[in-house]
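I have placed the structure first, in the form of structure tokens, so that the comments after it can refer back to it.
The values are calculated or read from the model by the stated rules, or taken from the named source; none is laboratory data. Bear in mind that the values here come from a model prediction, so they are computed numbers and not experimental data. Don't worry about glycine lacking a Cβ; one is built from the backbone with ideal geometry, like all the others, and counts go over all protein chains shown. For accessibility, only protein heavy atoms count, side chains too; no ligands or nucleic acids. Shrake-Rupley method; radii C 1.70, N 1.55, O 1.52, S 1.80 Å.
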Amino acid sequence: MTLSSVLSPAMGTLYVVATPIGNLDDISARALRILREVALIAAEDTRHSARLMQHFGINTPLAACHEHNEREQGSHFIARLQAGGDVALISDAGTPLISDPGYHLVRNARAAGVKVVPVPGPSALIAALSAAGLPSDRFIFEGFLPAKTAGRRARLEAVKEEPRTLIFYEAPHRILECLEDMQAVFGDERPALLARELTKTFETLKGLPLAELAAWVAADSNQQRGECVVLVAGWQAPEGEDALSVEAQRVLDLLLKEMPLKRAAALAAEITGVRKNLLYQAALERQKDA
Ligand code: SAM
């Protein structure tokens, strides 16, 4: 034991602990041990988490750490950690920080030199992706879309030509309008999947092209209840060579602002590796539309 370790006790560890998204059996043995052993549990909603703790016979004190108090209350948790106490961060369901509070606490803890340890477990997006049968080697998680149609459509437009599988969280009362907007923006035929009530009694995974999926949800109000994740297949360039990638279009548009059409097409071809003639034709089209 060194003199400095006697004078300043070792800092505690912040454990970021995943909890079930429905089925309580999904909590890990390690999560239970850590929740029992830490000095304090920072919870999104203490009343909600008290029920979970009661179920597992855990008596560790709970303190609120939600999006409204996370910043000011954060310093309280950091002080506790610096004084040597271990703290576990949990949210109402699934993995903290994934569309849930905790980001500020984790960031500040790391900045203060506190060790932060993930205790992995359930997360709705990963559970849905693992059973969706859509490409899973590369994907993007968009979290919750804006609540109003204009904002939602703008966000969808921004990822319309994203080639990776898209994953969204959505509230049940907006699921139908969300699917209808997806159909309008991504097209009727784009493969999609609705993962509802994962790990719970009425768990449903329905994979259909967007137009059929929206119609199926519209026809059955039960599908507009519970918690849901929507997955949409990534954009695929149409067959043949006539489609320009979003990136090639972006490069071409930037260059067209700066130089004559022929030069812009040639330079864009060099930068992107796309055939010069294809870019030249696209530039001509743009000139016609302008
Ligand atoms: N931290 C959580 C996670 O790791 O998945 C997500 C929390 S976020 C506030 C809640 C959203 O996650 C819900 O609106 C829903 O989109 C999704 N979700 C959570 N549990 C789910 C479940 N059992 N089935 C389907 N979606 C779920």
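Look through segment 140-160, keep the residues that are within 12 Å of the ligand (Cβ to nearest atom) and either assigned to a loop (DSSP other than H, G, I, E, B) or of a type in the set (Gly, Ala, Ser) (or both), and return whichever of them is nearest to SER99 (Cα to Cα).
So, considering only residues that are within 12 Å of the ligand (Cβ to nearest atom) and either assigned to a loop (DSSP other than H, G, I, E, B) or of a type in the set (Gly, Ala, Ser) (or both), the one nearest to SER99 (Cα to Cα) is GLY143.
If VAL116 satisfies all but one of (1) more than 10 Å from the ligand (Cβ to nearest atom); (2) modelled with pLDDT of 95 or more; (3) farther than 23 Å from MET53 by Cβ, what's the number of the condition it fails?
Of (1) more than 10 Å from the ligand (Cβ to nearest atom); (2) modelled with pLDDT of 95 or more; (3) farther than 23 Å from MET53 by Cβ, only one is false for VAL116: (3).
Quick grid of which residues meet (1) of a type outside the set (A, V, I, L, M); (2) over 22 Å from the mean Cα position of the chain (by Cα):
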{"residue": "PHE186", "(1), (2)": "yes, no"}
{"residue": "ARG196", "(1), (2)": "yes, no"}
{"residue": "THR199", "(1), (2)": "yes, no"}
{"residue": "LYS206", "(1), (2)": "yes, no"}
{"residue": "CYS228", "(1), (2)": "yes, no"}
{"residue": "ARG250", "(1), (2)": "yes, yes"}
{"residue": "ALA264", "(1), (2)": "no, yes"}
{"residue": "LEU279", "(1), (2)": "no, yes"}
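Considering only segment 183-191, I want to know if a residue exists there that is at pLDDT 95 or above and within 15 Å of the ligand (Cβ to nearest atom).
no
Please indicate, with yes or no, whether at least one residue in segment 235-252 is surrounded by 19 or more Cβ atoms within 10 Å (Cβ to Cβ) and of a type in the set (Val, Ile, Thr).
Among the residues of segment 235-252, at least one is surrounded by 19 or more Cβ atoms within 10 Å (Cβ to Cβ) and of a type in the set (Val, Ile, Thr), which makes the answer yes.
Can you report the number of residues in segment 149-164 which are out of contact with any Pro (no Cβ under 9 Å at 6 or more places or on another chain) and open to solvent by less than 60 Å² (accessible area, probe 1.4 Å)?
4
Quick test for you: out of GLY57, GLY121, GLY74, pick the one residue that is assigned to a loop (DSSP other than H, G, I, E, B) and away from the ligand (no atom under 16 Å from the Cβ).
On the way: GLY121 fails: away from the ligand (no atom under 16 Å from the Cβ); GLY74 fails: assigned to a loop (DSSP other than H, G, I, E, B).
The unique qualifying residue is GLY57.
How many residues does segment 161-171 hold that are over 17 Å from the mean Cα position of the chain (by Cα) and within 16 Å of the ligand (Cβ to nearest atom)? Walk me through it before giving the result.
Step one: of segment 161-171, the residues over 17 Å from the mean Cα position of the chain (by Cα) are 161.
Add one more test, that the residue is within 16 Å of the ligand (Cβ to nearest atom), and what stays is none.
Here the count works out to 0.
Among the candidates PRO135, PRO101, PRO96, which residue alone is part of a loop (DSSP other than H, G, I, E, B), away from the ligand (no atom under 14 Å from the Cβ), surrounded by 13 or more Cβ atoms within 10 Å (Cβ to Cβ) and at negative phi?
Sole residue among the options that is part of a loop (DSSP other than H, G, I, E, B), away from the ligand (no atom under 14 Å from the Cβ), surrounded by 13 or more Cβ atoms within 10 Å (Cβ to Cβ) and at negative phi: PRO135.
Whether any residue in segment 78-85 is closer than 30 Å to ARG190 by Cβ and either without any contact (Cβ under 8 Å) to a residue 60 or more places away in the chain or over 16 Å from the mean Cα position of the chain (by Cα) (or both) is what I want to check.
No: segment 78-85 contains no residue that is closer than 30 Å to ARG190 by Cβ and either without any contact (Cβ under 8 Å) to a residue 60 or more places away in the chain or over 16 Å from the mean Cα position of the chain (by Cα) (or both).
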